[in-house]
Amino acid sequence: MQLNDILEEHSIKAISKKTNISEENLEYLVAADFDALKKVKTLGFISIIEREYHADLAKLREQALEHYGATQEVTGITLGRPVVEEKKGRSKFLLFFVLLLLGYASWYFFTQFDKKHLRELIPFMDEQMIESFVGDKDNNTTDEVVEDLSIAKVIVSNSQTEAEDKETAAVEKSVVTEKVSKENATKSTASTAVANVSIVPVGRLWFGVVDVDTKKRDHFSVSEAYELETGSKTWLLATSSAPFSLVRAGVRKDYHDAKEHYFKIDKNGIESLGKDEYVTFGGWRQW
């Protein structure tokens, strides 16, 4: 059955009511006025009419493809920088901060600490090691150095015990910090994993999306999985009747009932809507 055969048995209005294709777009299709329609809409309308009336519109499809030329690549919405790049940027900043901190600590150690402080921190070093490490920074005389070393011998016992206590406390603190960091990293990874929703077509699927906040809309015809980021976004999704699945946080739900579907998708999950609800939230009644 061709399109002309369908028009002989049914009016434009009846076809529009059954297929949900506007009468204006049907008239464009009947007149082969492809300039008035986008390629994805034209092919989608042809598929809908074939399904609803068990027709074969291969010639009309070939005519449309010849008009539009080579297959167009699907363009996407910029949904923000990839998570991997963001993590990489943060890692570079953290490395720079650590290096800066180490540089400052080294400068402070070599310019601000005198020999007495060094002996208190490392009391088990002998006099020769301390002298060769610090050098004659303060221009002390030989007598002053000898006096300092004598004082150091008196406080070796107490200082060594204190240093060991500080070292033990530092190790315990490091273990606790590492444990908290791992827990936070696990939580962060889990949060990222559940943020996105994948639209997985069985064959080729047309769908339209609306950003609820900006009211920006776009539509696609895809044959591979398409991912929506929902960390801070709320989307309205409308699909054709082609079979597909939605996957979120490892949970998959199939929609193979040959019906058009409408959804509200955000960080809280996926909510199935009727068409009137979809329009109420800001979706487009006719794409």
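The values are calculated or read from the model by the stated rules, or taken from the named source; none is laboratory data. The structure displayed is predicted, hence computed values, not measured ones. Virtual Cβ from ideal backbone geometry, glycine too; neighbours counted across all protein chains shown.
Brief remarks follow.
- Within the range 249-262, residues that are free of Cβ contacts under 8 Å to residues at least 60 places away in the same chain and not assigned by TED's automatic domain parsing to the domain that holds I48 have Cβ atoms under 7 Å from residues that are aromatic (F, W, Y) and surrounded by 12 or more Cβ atoms within 10 Å (Cβ to Cβ) in these pairs: Y255/F244; H261/Y255; Y262/Y278, counting only partners at least 6 apart in sequence or on another chain.
- Residue within the range 202-224 that is within 16 Å of the chain's Cα centre (by Cα) and either more than 22 Å from R285 (Cα to Cα) or of a type in the set (A, V, I, L, M, F, W, C) (or both) present: no
- Scanning the range 207-223 for residues that are part of a loop (DSSP other than H, G, I, E, B) and either at pLDDT 95 or above or of a type in the set (S, T, N, Q) (or both) returns T214, S223.
- Residues within the range 232-287 that are under 25 Å from the mean Cα position of the chain (by Cα) and of a type in the set (D, E), tallied: 3
- Restricted to helices (runs of 4 or more DSSP H) entirely inside the range 1-63, those with at least 3 residues that are at pLDDT 90 or above, β-branched (V, I, T) and at negative phi are 39-53.
- Note on the range 196-225: among residues that are surrounded by 15 or more Cβ atoms within 10 Å (Cβ to Cβ) and of a type in the set (V, I, T), the one that is farthest from A242 (Cα to Cα) is V212.
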